[in-house]
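Have a look at the structure below before the remarks.
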Amino acid sequence: MTRWLRMTAAMLLLVLLFTACGTPAAPAAESVTSKTITDCAGREVPIPDSTERIACLYAYTGHVAVLLGCEDQIVAVVDGLKRDTLMQQKVPDIDEMPSPYSSGAINIEELAAAAPDMIFLRASNLQDAGEMEKLDGLGIPYAVVEYVTMEDQMESIAVMGEALGREEQAAAYLQYYEDTLDMVWQRLEDLPDSERKTVYHSVNEVVRADIPGTLSYEVLEAAGCCNVVTDAEDLQLDGDKGYVTVEQIYVWDPDIILANEPAAAEYFRTDDKFSGLRAVREGQVLQLPVGISRWAHPGSLESPLATLYLAATLYPDRFADVDLRGEIREFYKTFFRISLSESDIDTILSGEGMRAPREGVDQ
């Protein structure tokens, strides 16, 4: 079953669970509501008249909250957000915040103690009927923020913008998103297939690859790449992750290997088992940048900037007039109110030092 079909099935299951368990489609807010929004699961959610405290139980929602200028309203996060350097900069007290979602379960008592006015989470948080019942019992509105594709991601940003009363900020980012994709498409539209780079994208782990029809896959497509993974059938699927064998990577023998984890890039470059790959021999193992999130990662908020960066890096003749460093500086200044030094830009481009490692397998 494709990733899209599995996501659709999960959404349908969520709706059925709400109905079967006799719980309302959205919890009744204790405070006066000013409006009702439709979240990414199609649920109608009452929004409090004043939303001043938000819980981000999905790392992506924390990134979007900062994008929308709501960093001062965050009162609860997942642990992954505490490892992001720019999140530490934007939310200085993030280390002291509770992390009420961990190991696949919500700590309702810890969440309640944080006293949020609004909770943002993903559909997978709600697949357990018991968890849903506990959440409903809090009487705090919660919105599902979920996406698979670029189009879905843009919708998710619009949903959070509406929920937080930051429609203008969301609209500005979405306009940039669309304009950037359009500019890249126009410059690559007539690029012959014979000149398009074949790419293998290592997602966190060396043998974890993009799943067709997902955000990271679409970023590479929009940047003019030919992903060596052409069908989900090429992968061994494990939930929302897809894996390949070393032997299969050799069969593909791509022009470029992209990695969004420095350890994975280094492993490709130094381990003897990969020394026969053309990309390794020719020094074409490229570490993707890391900013607020890991560029071109399935959970990345920087999708439009990653698209421009990849296109300009792989096809420099078609983007000779684009000042990538200037684009990066302006992007973070405009949308995240962060002024980057030249050294900061170097660090982002290197992909190192922007996300603290975690014990065990990185997530």
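The values are calculated or read from the model by the stated rules, or taken from the named source; none is laboratory data. Note that the coordinates shown come from a computational prediction; the quantities given were computed from them, not determined experimentally. Please note: Cβ atoms are built from the backbone with ideal geometry, for glycine as well, and neighbour counts cover all protein chains shown. Keep in mind that these areas ignore ligands, DNA and RNA; they rest on the heavy atoms of the full protein, side chains included. Shrake-Rupley method; radii C 1.70, N 1.55, O 1.52, S 1.80 Å.
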Once phi is turned into ³J(HN,Hα) by the Karplus curve 6.51 cos²θ - 1.76 cosθ + 1.60 with θ = phi - 60°, what whole-Hz value does each residue of segment 350-356 show in order, with x for glycine and proline? 6, x, 10, x, 9, 9, 5
Give me the percent of the accessible area of segment 86-160 that comes from carbon and sulfur atoms, probe 1.4 Å, all protein chains in place. 45 percent
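Can you sort 252, 185 by 1.4 Å-probe accessible area, starting with the largest?
185, 252
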Residue-normalised 222 nm signal for the chain, counting each DSSP H run of n ≥ 4 as -39,500 (n - 2.57), nearest 500 deg cm²/dmol, is -12000 deg cm²/dmol
Which whole-Hz ³J(HN,Hα) couplings does segment 46-56 yield from phi under the Karplus relation 6.51 cos²θ - 1.76 cosθ + 1.60, θ = phi - 60°, glycine and proline marked x? x, 9, x, 4, 10, 9, 10, 9, 10, 10, 10
So how tilted is helix 167-188 from the main axis of the chain? Cα-based, degrees 0 to 90, rounded to 10. 20 degrees
With every protein chain in place, the accessible area of residue 134 for a 1.4 Å probe, in Å² rounded to the nearest 10, comes to 110 Å²
Once you order the gyration tensor axes a ≥ b ≥ c over the Cα atoms, which shape class does segment 156-202 get: rounded for a/c under 1.5, otherwise prolate or oblate by comparing a/b with b/c? oblate
Test of understanding: what is the full-extension gain from residue 320 to residue 72, defined as 0.36 nm times their sequence separation minus their Cα-Cα distance? 85.4 nm
In sequence order, calculated HN-Hα J values of segment 295-311 (Karplus, 6.51, -1.76, 1.60; Hz; x Gly/Pro): 4, 6, 7, x, x, 7, 8, 8, 4, x, 5, 4, 4, 4, 4, 5, 4
Relative contact order of segment 54-93: what whole-number percent is it, with Cα pairs under 8 angstrom and at least 6 residues apart? 45 percent
Taking protein heavy atoms only, a 1.4 Å probe, and rounding to whole percent, the accessible area of segment 224-326 owed to carbon and sulfur comes out at 47 percent
Peptides 298-306, 100-108: what's the order by average Cβ count within 10 Å, highest mean first? 298-306, 100-108
Would you mind getting the accessible area per residue of the chain, heavy atoms of the protein chains only, 1.4 Å probe, in Å²? 43 Å²
